[in-house]
Amino acid sequence: MDTQWETYEVFHQSKRGEPHEHVGAVHAPDPQMALHMARDQFARRLNCVSIWVVRSKDVTMTDYQDGDFFARTTDKSYRDPKAFEAPDKLHK
Amino acid sequence: MNSSAHLNSSSEALSELLVALADDELILGHRDSEWTGHSPILEEDIAFSNLAQDEIGHALVWLSINESIGGKSPDWMGFERKWNDFTCSHFVQYPKHDYAYTVVRQFLFDAAERIRLQSLKQSSFQPIKEAAKKILREEHYHLLHSQGLVERLGGATEESHRRMQEAVDAAFPQSLGLFEPLVHEGDLVKGSGMKPSSELQEEWLGYVVPILESATLLLPTKKSNGKFIAVCAPEYGGRSKQHTPHLQSLVADMQSVYQIAPESKW
């Protein structure tokens with residue numbers, strides 16, 4: 001019997017309005033306990049206003065083997081926004 | 001601050017309360033720290049290491065208030081005091097045993113601490129009132145964690161049920177020692193509006209019994225007039241410094257580094 005708990009991916013938000021960022025994963029028996037585990041692992045030292053946990057197996061992901069998924073086989077540099085620079089202020 | 005309250009409850013009585021509160025926290029904190037590197041899973045290892053730091057931090061809060069009313073320094077209390085001068089309950093002295101016992105002990109302790117702090121929040125002695133408010137904010141999450149584990153492990157599998165029930169059987173009579181009346185308790189009840197231990201125990205039973213029962217764990221209590229009553233002998237002695245030998249070895253361990261060079265500044 002597999003007695004290992006499932007893993008939950010943990011997303012951490014340092015300030016309201018900021019994005020939730022992936023910081024790691026925890027083992028837990030259910031989502032509620034996963035929040036408690038995540039609090040202990042990730043919220044004790046980092047500033048934190050919100051945490052999300054998502055069952056790892058509920059994350060649909062690309063396959064590293066499928067390199068073509070992200071390939072740019074023809075020159076599309078004309079699409080790159082490189083004629084201007086966005087000031088840092090925009091991000092704040 | 002109501003200064004008459006301070007006068008009414010002698011500083012001897014206040015000090016007895018503060019040191020008992022601190023000693024329960026300090027000794028359980030030390031027991032919790034013994035799981036560092038040994039817990040069944042990494043997440044619990046970190047959780048119990050956090051708990052240990054928190055409980056020892058709470059002990060420091062109480063001992064600092066004690067120092068402010070004329071007691072010895074927190075460092076002296078922790079590292080120079082003789083083991084048989086501590087006033088912690090037997091409950092927190094026992095070795096950590098297995099994880100089931102650890103989880104059950106932590107749950108019974110966290111619930112007791114919360115109920116005691118809610119009462120101390122009403123204290124007319126301002127430093128205790130403020131400390132209780134501050135510690136409660138942290139203690140809330142200890143209880144959610146330990147209660148979460150009790151609720152899930154109590155009836156999860158045959159083995160988890162058996163081990164949790166064995167832990168409850170061992171821990172429950174010991175845990176009643178958290179409510180062993182203090183010698184000068186009468187002064188505090190009259191002087192600073194503190195609830196008597198018997199009343200705190202009754203509130204605590206009202207909280208823990210339904211949770212344990214819904215986790216399929218039984219304990220020696222009966223219900224009378226809507227209130228739960230313990231029907232086993234409580235394990236007293238800690239508040240009057242009659243300790244188990246486990247405390248002696250724990251304190252020796254806790255003080256060992258300090259005692260190598262007591263004059264050192266850390």
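A short reminder: the numbers here are calculations on the coordinates, not readings from a lab. Please read these numbers as outputs of a predicted model, since none were measured by experiment. So basically every Cβ, Gly included, is an ideal-geometry build from the backbone, and we count neighbours across all protein chains shown.
Take the Cα of A:T3, go 7 Å toward its beta carbon, and the backbone nitrogen atoms of region B:35-66 under 20 Å from that spot belong to B:35-48. Applying the criteria of a DSSP loop state and at most 14 other Cβ atoms within 10 Å to the chymotrypsin sites (Phe, Trp or Tyr not before Pro) of region A:41-92 yields A:Y64, A:F84.
Counting Cβ atoms of other protein chains within 10 Å of each Cβ in B:144-152 and taking the mean gives 3. For the protein assembly as shown, the Cβ-based charge dipole about the Cα centre amounts to some 1020 debye (Lys, Arg positive; Asp, Glu negative; other atoms uncharged). Of the residues B:M254, B:M194, the one with the fewest other Cβ atoms within 10 Å heads the list, and the complete ranking is B:M254, B:M194.
Give me the percent relative contact order of chain B, please, defined on Cα pairs under 8 angstrom at least 6 residues apart.
Details: 365 pairs, mean separation 68.3, N = 266.
In percent, rounded to a whole number, it is 26.
Neighbouring Cβ atoms from other chains, within 10 Å of the Cβ of residues in B:81-89, number 0 on average. Taking a straight Cα-Cα cut-off under 23 Å and skipping sequence neighbours fewer than 8 places away in the same chain, the lysines within cross-link reach of B:K241 are B:K72, B:K82, B:K96, B:K195. Each residue in B:R114, A:R45 was given a count of other beta-carbon atoms within 10 angstrom of its own, and listing them fewest first yields A:R45, B:R114. Helix A:31-42 versus the longest principal axis of chain A: what angle, 0 to 90°, nearest 10, using Cα atoms? Roughly 70 degrees, rounded to the nearest 10.
For B:T221, the residues whose modelled amide H falls within less than 5 Å of its own, excluding neighbours fewer than 5 places apart on the same chain, are B:V231. Fewest-first ordering of B:T87, A:T74 by other beta carbons within 10 Å of each residue's beta carbon gives A:T74, B:T87.
Of the peptides B:55-62, A:6-13, the ranking by mean beta-carbon count within 10 Å, highest at the top, reads B:55-62, A:6-13.
Along the axis of the charge dipole computed for the protein assembly as shown (Cβ charges of +1 for Lys and Arg, -1 for Asp and Glu, origin at the Cα centre), the listed residues A:V23, A:T62, A:P87 are led at the positive end by A:P87. Taking the Cα centre of chain B as origin and assigning +1 to Lys and Arg Cβ atoms and -1 to Asp and Glu Cβ atoms, the resulting dipole is close to 640 debye.
Inside 10 Å of the C-beta atoms of B:46-54, what's the mean count of C-beta atoms belonging to other chains?
Details: counts 6, 5, 1, 1, 4, 1, 0, 1, 1.
Mean partner-chain Cβ count within 10 Å for B:46-54: 2.
A simple spin-label model places pseudo-atoms 7 Å from Cα toward Cβ; at A:F84 and A:T62 they are separated by 2.8 nm. Each Cα pair under 8 Å and six or more residues apart adds its sequence gap; the mean of these over the residue count of region B:36-152 is a relative contact order of 24 percent.
Please list, by residue number, every one of the trypsin sites (Lys or Arg not before Pro) in region B:40-106 that is coil in DSSP and has at most 12 other beta-carbon atoms within 10 Å. Don't jump to the answer; show the numbers that get you there.
Numbers: sites: B:K72, B:R81, B:K82, B:K96, B:R105; in loops: B:K72, B:R81, B:K82, B:K96.
Passing sites in region B:40-106 are B:K82.
Report, in deg cm²/dmol and to the nearest 500, the calculated mean residue ellipticity at 222 nm for the protein assembly as shown, where each DSSP H run with n ≥ 4 adds -39500 (n - 2.57) and the sum is divided by the residue count. Walk me through the numbers before you get to the answer.
On the way: 11 runs with 184 residues, N = 358.
Calculated mean residue ellipticity at 222 nm is -17000 deg cm²/dmol.
Of the GluC sites (Glu not before Pro) found in region B:209-266, the ones in coil according to DSSP and having at most 12 other Cβ atoms within 10 Å of their Cβ are B:E263.
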